[in-house]
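Data block below; observations after.
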Amino acid sequence: MQLQRWELKYVIPEETALLVREFVRCYLEIDEYGAAQPNLSYAVHNLYLDSDDLKIYWGTINGDKNRYKLRLRFYGDNPNAPIFFEIKRRMNDSILKQRGGVKRFAVESVLRGHHPSPGELVSGDPRQLIAIQQFVQLMIADRATPRAHVSYLREAWISSRDNSVRVTLDRQVDIEPDFTTRFRAAFNIPTRVYGDLTILELKFSGRFPGWFSEMVRALGLRQGSASKYADGVANRGEAEFYTVGSRPPEPLSSPAASERKRERIDRIQNIIHRSVPV
């Protein structure tokens, strides 16, 4: 599946997130997965792939205009549940997302570079197979392998008419190095990337909804960057995510790139500290 859209991100404290919820419920509906949960949220797990020198990570740190992430998404430990191969591209200011699901027993074969058979796919939609084929192509070109397990609780609000507008609130963002394909929901010693803060994402295709502007203005929201993978690796320390003995070549980890990384960490820490009551 393929979807081009725009995403605006905000790192906000929980009290603001609750105000966002009350505002958004006037325009959108809680999605079916969160509706049955007492906290309106469900767990999302991503296994991010990267090269030995963390090329994808450094692309985000360096602010490359046209970049992408490779990840495997799953929603729990159920061995019968599918795994979704996802490519998330940033093309200038827009986002292009491709996703294809396979049955869990076929994941290892795909990660070895094989295209799934029709019986291994979750759907017969040809776009899903195309997404997986392109995922494999990028994975092989980058020599990308599993690097990091990232999870969070997602509260998602959607339009009842179409998929042109979507609002998500992601809480409890955790990261931990993971070089395996165990797809376990449990962590060993995770790092809480944004503390108790929430990541608000306003997602839309076409024109920016007028009520988005109204909400941003009324709640005093300040747009910023929030890459769960890149911020998580930077906060935890990229040394834990390299393959043993590898190191990034110039200009990936140049002094300028290291300074940009430090600025990202400082920005997040400043937001966290400002949100803590005195």
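The values are calculated or read from the model by the stated rules, or taken from the named source; none is laboratory data. A quick note: this is a predicted structure, and the numbers were derived from the prediction, not measured. Backbone-built Cβ (ideal geometry, glycine too); neighbour counts: all protein chains shown.
Which condition does Gly224 not pass, out of (1) in contact (Cβ under 8 Å) with a residue 24 or more places away in the chain; (2) touching an Asp or Glu at 6+ places or on another chain (Cβ under 7 Å), if it passes all the others?
Only one criterion in (1) in contact (Cβ under 8 Å) with a residue 24 or more places away in the chain; (2) touching an Asp or Glu at 6+ places or on another chain (Cβ under 7 Å) is unmet by Gly224, namely (2).
For region 188-210, what are the residues that are of a type outside the set (Val, Ile, Thr) and within 19 Å of Ser41 (Cα to Cα)?
Passing the criteria: Arg192, Tyr194, Gly195, Asp196, Leu197, Leu200, Glu201, Leu202, Lys203.
Tell me whether region 218-226 contains one or more residues that are crowded, with 19+ Cβ neighbours inside 10 Å, modelled with pLDDT under 95 and either under 17 Å from the mean Cα position of the chain (by Cα) or within 25 Å of Gly63 (Cβ to Cβ) (or both).
Checked against the condition, which is being crowded, with 19+ Cβ neighbours inside 10 Å, modelled with pLDDT under 95 and either under 17 Å from the mean Cα position of the chain (by Cα) or within 25 Å of Gly63 (Cβ to Cβ) (or both), region 218-226 yields at least one hit.
Please tell me if Ile12 is under 16 Å from Arg171 (Cβ atoms) and among the β-branched types (Val, Ile, Thr).
Numbers: under 16 Å from Arg171 (Cβ atoms): yes; among the β-branched types (Val, Ile, Thr): yes.
When the stated conditions are applied, Ile12 passes them.
Conditions tested, residue by residue: (1) more than 24 Å from Ile175 (Cβ to Cβ); (2) basic (Lys, Arg); (3) touching a residue at least 12 places away in the same chain (Cβ under 8 Å); (4) part of a strand (DSSP E or B).
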position	(1), (2), (3), (4)
Leu8	no, no, yes, yes
Tyr33	no, no, yes, no
Leu40	no, no, yes, no
Ile56	no, no, yes, no
Thr60	no, no, yes, no
Ala81	no, no, yes, no
Phe84	no, no, yes, yes
Ile95	no, no, yes, yes
Arg99	no, yes, yes, yes
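Let me spell it out: the conditions are (1) crowded, with 16+ Cβ neighbours inside 10 Å; (2) out of contact with any His (no Cβ under 9 Å at 6 or more places or on another chain); (3) outside any strand (DSSP E or B); (4) among the β-branched types (Val, Ile, Thr), and Ile140 meets all of them except one. Which number is the exception?
Only one criterion is unmet by Ile140, namely (1).
Please pick out the residue among Ser160, Ser151 that is part of a strand (DSSP E or B) and at negative phi.
On the way: Ser160 fails: part of a strand (DSSP E or B).
One residue alone meets the criteria, Ser151.
Select, from Arg154, Arg207, Arg161, Arg127, the only residue that is modelled with pLDDT of 95 or more and either loosely packed, with under 15 Cβ neighbours inside 10 Å or under 28 Å from Ser51 (Cα atoms) (or both). Step through it out loud before you land on a result.
Details: Arg207 fails: modelled with pLDDT of 95 or more; Arg161 fails: modelled with pLDDT of 95 or more; Arg127 fails: modelled with pLDDT of 95 or more.
Exactly one residue qualifies, and that residue is Arg154.
On the given criteria, is Val107 over 23 Å from Ser227 (Cα atoms), surrounded by 20 or more Cβ atoms within 10 Å (Cβ to Cβ) and either of a type in the set (Val, Ile, Thr) or under 22 Å from the mean Cα position of the chain (by Cα) (or both)?
For Val107, the condition - over 23 Å from Ser227 (Cα atoms), surrounded by 20 or more Cβ atoms within 10 Å (Cβ to Cβ) and either of a type in the set (Val, Ile, Thr) or under 22 Å from the mean Cα position of the chain (by Cα) (or both) - is met.
With of a type in the set (S, T, N, Q), assigned to a helix (DSSP H, G or I), touching a residue at least 40 places away in the same chain (Cβ under 8 Å) and under 15 Å from Ile83 (Cβ atoms) as the only criterion, which of Gln134, Gln128 stands out? I'd like the intermediate steps shown before the answer.
Working: Gln134 fails: under 15 Å from Ile83 (Cβ atoms).
Within the list Gln134, Gln128, the selection yields Gln128.
Quick test for you: out of Val20, Val44, pick the one residue that is touching a Phe, Trp or Tyr at 6+ places or on another chain (Cβ under 7 Å), farther than 25 Å from Gly113 by Cβ and touching a residue at least 12 places away in the same chain (Cβ under 8 Å). So that I can check it myself, show each step before the final result.
Numbers: Val20 fails: touching a Phe, Trp or Tyr at 6+ places or on another chain (Cβ under 7 Å).
So the residue among Val20, Val44 that is touching a Phe, Trp or Tyr at 6+ places or on another chain (Cβ under 7 Å), farther than 25 Å from Gly113 by Cβ and touching a residue at least 12 places away in the same chain (Cβ under 8 Å) is Val44.
If a residue has to be closer than 26 Å to Asn80 by Cα and assigned to a strand (DSSP E or B) to count, how many in region 173-198 make the cut?
Residues of region 173-198 that are closer than 26 Å to Asn80 by Cα, as a first pass: 173-188, 190.
Filter again for assigned to a strand (DSSP E or B), leaving 173-177.
Total meeting the criteria: 5.
Working only within region 65-98, note down all residues that are among the charged types (D, E, K, R) and either buried (at least 20 other Cβ atoms within 10 Å of the Cβ) or in contact with a strand residue (DSSP E or B) (Cβ under 8 Å, 6 or more places away or on another chain) (or both). Step through it out loud before you land on a result.
Restricting attention to region 65-98, the residues satisfying the condition of being among the charged types (D, E, K, R) are 65, 67, 69, 71, 73, 77, 86, 88-90, 93, 97.
Those that are among the charged types (D, E, K, R) and either buried (at least 20 other Cβ atoms within 10 Å of the Cβ) or in contact with a strand residue (DSSP E or B) (Cβ under 8 Å, 6 or more places away or on another chain) (or both): Lys65, Arg67, Lys69, Arg71, Arg73, Glu86, Lys88, Arg89, Arg90, Asp93, Lys97.
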